[in-house]
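Notes to accompany the following structure.
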Amino acid sequence: MDTNELLTLFRELASEIAEKDCSNIPADAQVTQLGIDSLGLMELVGTLERELAIRLPEAELAEVRTISDLLGVAAQQLSARRTG
């Protein structure tokens, strides 16, 4: 899955959880701009993990500020899964 596909998946999941259209949110947007609370963010991360069959390390998630940051962590885990 490439970066654009990850971003598309993220936007779809975010739209469902935020209950608003997130299809145009830029990758460099702050995660807080999604308009969801911390519980919603946990739900989004959990759903992303299930969809991609990966685990996102909590230590790395704590450093996430932007959507791009989050997708970078996901891409690393996907890559590790392929090579592992």
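No lab work stands behind these numbers, since they all come straight from the coordinates. Here the structure is a predicted model, which means the values were calculated and not measured. Here the Cβ is made from the backbone with ideal geometry for all residues, glycine too, and neighbour counts use every protein chain on show.
Amide H of T66: which non-local residues (sequence gap of 5 or more, or other chain) have their own amide H closer than 5 Å, using H built in the peptide plane?
Under 5 Å from the amide H of T66 lie the amide H atoms of V31, each far enough along the sequence or on another chain.
Restricting to Cα pairs below 8 Å that are 6+ residues apart, what does the relative contact order work out to for the range 1-64? Please round to a whole percent.
Details: 30 pairs, mean separation 17.6, N = 64.
It comes to 27 percent, rounded to a whole number.
Classify the chain as rounded, prolate or oblate from the Cα gyration tensor: take a ≥ b ≥ c as the square roots of its eigenvalues, call it rounded if a/c is under 1.5, otherwise prolate when a/b beats b/c and oblate if not.
Numbers: a/c = 1.65, a/b = 1.45, b/c = 1.14.
Prolate, since a/c reaches 1.5 and a/b exceeds b/c.
Take S15 and A59, extend 7 Å from each Cα along the Cα→Cβ direction, and tell me the distance between the two endpoints in nm.
That separation, rounded to one decimal, is 3.7 nm.
Of L48, A14, T32, whose Cα points farthest to the positive end of the dipole of the chain (charges on the beta-carbon: +1 Lys, Arg; -1 Asp, Glu; origin at the Cα centre)?
Working it through, the farthest residue towards the positive pole turns out to be L48.
Mind checking the dipole of the chain: about its Cα centre, +1 per Lys or Arg Cβ, -1 per Asp or Glu Cβ, Debye to the nearest 20?
Values: 7 positive and 15 negative charges, 48 e Å.
Charge dipole of the chain: 240 debye, to the nearest 20.
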